[in-house]
Amino acid sequence: MTNNLDNLNTISKLDEADILKTIRDLPAQIERCWSDWQRIAIPSHYITCKNVLILGMGGSGVAGALVSSLARYECKLPVEVCRDYNIPTWVDKNTLVIAISFSGETEETLEAFRQAATKTEKLITISTGGSLASIGSNNKALKYQYEYSSQPRAAIGFSLTAVLAIFAKLHLIEIRSQDMAEVVELLQGLLKQIDSDVQHYRNPAKLLAQKIYGKIPVILASGSLVEVARRWKGDFNENAKNQAYFEEIPEMNHNALVGLERPEDLAKKVFFIILESNYNLERNKLRQNIVGQILTKQKIGYENVVMDPTGSVLAEMFQMILYGSYVSYYLAILNNVAPEPVKMISFLKEKLAEKS
């Protein structure tokens, strides 16, 4: 099992689509996208928006939710993410709507965007093209279209950085170019610790994947890392073809915690991952510590993950995203599955298309 993670030939045979390259490419995606947005002017009337709605599914939805979690602590305007066909009834001419779809063909996002275009002229699309870009152009939306060959989840650097740049330009969140430079620098440092050429015995991402192997990972987080936990869950699902779940602290302390008692062989089936943030509330840090004690008492395996150095809240989030992508990738190798294809999602889309 260990040899698989250190054998680059085995990895390349399983990963014919080279998903690893796109995961490794996160710092470059951030630099490129941030640079692109320095040359994009946002229409002046967008500045008068009273609230923000971000449309997106899967990895695109996570990008919006990550920014929403940052905005919660800095932005004075309400920010909400819509992961469905129908937009909220409160959307009006004062709403800024940002639609994200890697392919530009995500049907839920397209339908929600069509509805939004009847309510507001403050529209932005983020995609590689497709119907979303076309519908956006027809409705005079500000368009960010980029070229990148990958699975949608692997383009998180583009989708997340684009929304961050929009929020920065509208002065909804304070993000400077030096902040993004710090993010890139810390990601490059992290890559040196967890990339595929680093042997398992000194590679924490490989070691964590080994602990998870054969089990269902449950990711716990609070504050700014809750949506990062959602991202980890999605990466385990899509890269490793492995079931996974995430829970938010403190909410899980009021329900999921009691569920640790059953089934009796639970310890054989799950492994908990606690994402720790240096920016968490002290009470939530205490809660995470107590949860660890309870897991130990129940003889359920777990590991705390913390970034060192942390950098800013934003840098911590990006590092945790990269770390999770690598862990899920190594779990795919251990599971002996190709990280790239998502056959069940393709099947679902085919069946939906039959009824369209």
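Read the figures in this text as sums done on the coordinates, not as results from a lab. Source: prediction; values computed, not measured. For neighbour counting, all protein chains shown are included, and Cβ atoms are generated from backbone atoms with ideal geometry for every residue, glycine included.
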Charge dipole (the stretch 20-175, unit charges on Cβ, about Cα centre) - positive-most of Asn139, Ser44, Tyr73: Ser44
At a 10 angstrom cut-off on C-beta neighbours, averaged per residue, how do the peptides 198-210, 15-27 rank from highest to lowest? 15-27, 198-210
Grab the other residues whose beta carbon is less than 12 angstrom from that of Ile124, score K and R as +1, D and E as -1, and report the net. +3
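With +1 on the Cβ of every Lys and Arg and -1 on the Cβ of every Asp and Glu, and nothing else charged, how large is the dipole of the stretch 205-356 about its Cα centre, in debye rounded to the nearest 20?
My answer is approximately 400 debye.
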Asp92-Ser137 pseudo-label distance in nm [points 7 Å out on the Cα-to-Cβ vector]: 3.3
For the pair Asp6 and Asp308, the simple spin-label estimate (label points 7 Å beyond Cα toward Cβ) gives in nm 2.4
Contour excess over end-to-end distance, with Cα ends at Ile294 and Leu348 and 0.36 nm allotted per residue: 15.5 nm
Taking Cα atoms, how many degrees apart are the long axis of helix 282-297 and the longest axis of the chain, rounded to 10 and kept between 0 and 90? 40
The equivalent-ellipsoid semi-axes of the chain, taken as the square roots of five times the Cα gyration tensor eigenvalues and listed largest first in whole Å, are 33, 23, 21
Sorted on mean Cβ neighbours within 10 Å (highest first), peptides 39-51, 249-261, 164-176, 226-238 come out as 226-238, 164-176, 249-261, 39-51
Estimated dipole of the chain in Debye, rounded to 20 [Cβ of Lys and Arg +1, of Asp and Glu -1, Cα centre]: 440
Name the shape class, rounded, prolate or oblate, that the alpha-carbon gyration tensor gives for the stretch 206-273, where a ≥ b ≥ c are the square roots of its eigenvalues, rounded holds for a/c under 1.5, and otherwise prolate holds if a/b is larger than b/c and oblate otherwise. oblate
Along the charge dipole of the chain, Cβ charges K/R +1 and D/E -1, which of Tyr330, Gly311, Thr125 sits furthest on the positive end? Thr125
Asp265-Asn336 pseudo-label distance in nm [points 7 Å out on the Cα-to-Cβ vector]: 2.1
Could you size up the charge dipole of the stretch 1-148 around its Cα centre, putting +1 on the beta carbon of Lys and Arg and -1 on that of Asp and Glu, and report it in debye to the nearest 20? 660
Residue-normalised 222 nm signal for the chain, counting each DSSP H run of n ≥ 4 as -39,500 (n - 2.57), nearest 500 deg cm²/dmol, is -15000 deg cm²/dmol
Kirkwood Rh for the stretch 20-175 from C-alpha pairs, in Å, is 15.2
